[in-house]
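Enquirer: Okay, here's the structure, questions in a sec.
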Amino acid sequence: MKVGLIGEKLGHSFSKIIHEQIAPYHYDLIPLNEDEFHRFMKEKNFDAINVTIPYKEKVIEYCDEIDEKARKIHAVNAIKNVNGKLIATNTDFDGLKRMIEHHFNIQNKVVAICGSGGTSKTAYAVCEALNVKEIIQVARNRTAPYISYDQMKKRSDIQIILNTTSVGMSPDILSQIVDLDDFESCEGVIDVVYNPLLTALCYQAKKKHIPYVNGLEMLVAQAVSAAEFFIGEKIDPSKIDVLTRQIFRDKQNIVLIGMPGCGKTTLGKKLSERIGFDFIDLDHEIEKLAQRSIPEIFEEGEEVFRGLESEVCMKAAKLTHHVISCGGGVIKKEINMKALSLNSLIIYIRRDVDKLVVGNGRPLSKDRDTLLHMEQEREPFYIKYSDACVENNHHLEDTLDKLMEVWNENTGA
């Protein structure tokens, strides 16, 4: 079978990974500009395709048969070629409905849907099917029934915010469609973006203790429905949860923070070898970027170093499948930790001050008293920004075992 995904930008898609795990076919990612898209659809040189942004509506003109679900939404994301006849459906509906029901009860809730594209229409149909109290459609530069984002802020009764836009998608990971501080009645956030694993919008929800879900589970669930449509066979629904956990475990980074000399680099290298992840040390990345040693950078002032540190943090935050060792002062800028949190499990490596390495090219760790004062100043931030704390005061292998335990607990292994 010739099966794949068409869209404009597919570099961050997980679809190939998912489909090849659940169905007996090779799955291609096929990025197309608009001219290429029209040519591709006219040639029909495929057995089945998924369709993503920006072609979910444009593809309709090429379809010979569209089921009621896709027709109602006026968006198509799955097409199979049956003897030259293109038959279309929309499995995003199944994926989004499954994800919402798995995490929320939105019946009789006031739901704001952000966006006006094909996915927003899917979200509208799902909300109708789930018997919400009211659907508020929000978009930029659109007329009624849409309202603007400024008007949305005046709706103090909004309980569920559902983002169907690409705002917050990698590489623009720090963007978010709305500020949750403007919605005091919000009790749930649903974001269809799945890359990064935690969007900035969901990060804010997490910090405000508002229940949230990112789009990874929707992506897997709709892929299972699409594969069933393509091959004409049912797939065990338990595979949705298994694959979601598997992808999350494989993609999520592990970030190590803690005092200078606490063993982050040594542990990071050992951990990456044990779990088969790539490893980077942000201090080394800073030196490569500046083409100078860290002591030489500090001669220009700590702020110069912190600026370079933030720059490499932003790059590292967009990675997946990495163990990342951070400099001791990475927590001094909240933006660093927010960015790193979006794709990562953050672990604080705590080591007693009398066991920390002194000096050794570390400009701010010249003696034990300095380290003690530094720890008192920084530890509240290490705790604030970490998901877990692991002590590194005894045998290295014991610490590695504990790191593995924390990672397994976090990823549901």
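Enquirer: Can you order the peptides 51-58, 337-344 by their average number of other Cβ atoms within 10 Å per residue, highest first?
Expert: Working: 51-58: 19.2, 337-344: 22.8.
Result, highest mean Cβ count within 10 Å first: 337-344, 51-58.
Enquirer: Follow-up. Can you give the charge dipole size of the chain about its Cα centre, rounded to the nearest 20 debye, using +1 on the beta carbon of Lys and Arg and -1 on the beta carbon of Asp and Glu?
Expert: Numbers: 52 positive and 62 negative charges, 147 e Å.
Taking the Cα centre of the chain as origin, the dipole is about 700 debye.
Enquirer: Tell me the mean residue ellipticity at 222 nm calculated for the chain from its helices only (DSSP H runs of n ≥ 4, each -39500 (n - 2.57), averaged over every residue, nearest 500). The partial results should precede the final answer.
Expert: Working: 16 runs with 175 residues, N = 413.
Helix-only estimate at 222 nm: -13000 deg cm²/dmol.
Enquirer: If I fit a long axis through the Cα atoms of helix 34-43 and take the longest principal axis of the Cα atoms of the chain, what angle between them do I get, 0 to 90°, rounded to 10?
Expert: For helix 34-43, the angle is close to 50 degrees.
Enquirer: A further question follows. For the stretch 22-115, with all protein chains present and a 1.4 Å probe, just round the carbon and sulfur fraction of the accessible area to a whole percent. Could the numbers behind the result be given before it?
Expert: On the way: 1950 of 4410 Å².
Its accessible area is 44 percent carbon and sulfur atoms.
Enquirer: Using the alpha-carbon atoms, what tilt in degrees (0 to 90, nearest 10) does helix 216-231 show relative to the longest principal axis of the chain?
Expert: The helix 216-231 is inclined about 40 degrees to the chain.
Enquirer: Then there's this: Could you give the angle, 0 to 90 degrees to the nearest 10, between helix 368-385's Cα long axis and the longest principal axis of the Cα atoms of the chain?
Expert: Helix 368-385 sits roughly 20 degrees off the main axis of the chain.
Enquirer: So if I take the centroid of the Cα atoms in the stretch 265-334 and the same for the stretch 116-161, what is the distance between those two points in Å?
Expert: The two parts, judged by their Cα centres, are 41 Å apart.
Enquirer: Determine the alpha carbon to alpha carbon distance for each of Lys121/Lys384; Lys109/Lys206; Lys69/Lys133; Lys56/Lys269; Lys42/Lys251 and list only those over 32 Å. Don't skip to the end; give the middle numbers.
Expert: Details: Lys121/Lys384 39 Å; Lys109/Lys206 20 Å; Lys69/Lys133 22 Å; Lys56/Lys269 44 Å; Lys42/Lys251 36 Å.
Over 32 Å apart, Cα to Cα: Lys121/Lys384; Lys56/Lys269; Lys42/Lys251.
Enquirer: With every protein chain left in place and a probe of 1.4 Å, what is the accessible surface of Ser120, to the nearest 10 Å²?
Expert: Solvent-accessible area, nearest 10 Å²: 10 Å².
Enquirer: Roughly how many Å is it from the Cα centre of the stretch 53-84 to that of the stretch 172-221, as a whole number?
Expert: For the stretch 53-84 versus the stretch 172-221, the Cα centre distance is 29 Å.
Enquirer: Counting other C-beta atoms within 10 Å, and keeping those with at most 15, which DSSP coil GluC sites (Glu not before Pro) do you find in the stretch 224-297?
Expert: Details: sites: Glu228, Glu233, Glu273, Glu285, Glu287, Glu296; in loops: Glu233.
Qualifying residues, ordered by number: Glu233.
Enquirer: With a 10 Å cut-off between alpha carbons and a GNM built on the chain, which of Lys44, Lys264, Lys80 moves the most?
Expert: Lys44
The values are calculated or read from the model by the stated rules, or taken from the named source; none is laboratory data. This structure is a prediction, so every number in the text was calculated from the model and none was measured. Methodologically, a virtual Cβ is constructed for each residue, glycine included, from the backbone with ideal geometry; neighbour enumeration extends over all protein chains shown. Just so you know, the surface numbers come from the protein's heavy atoms only, side chains and all, with ligands and any DNA or RNA stripped out. Shrake-Rupley method; radii C 1.70, N 1.55, O 1.52, S 1.80 Å.
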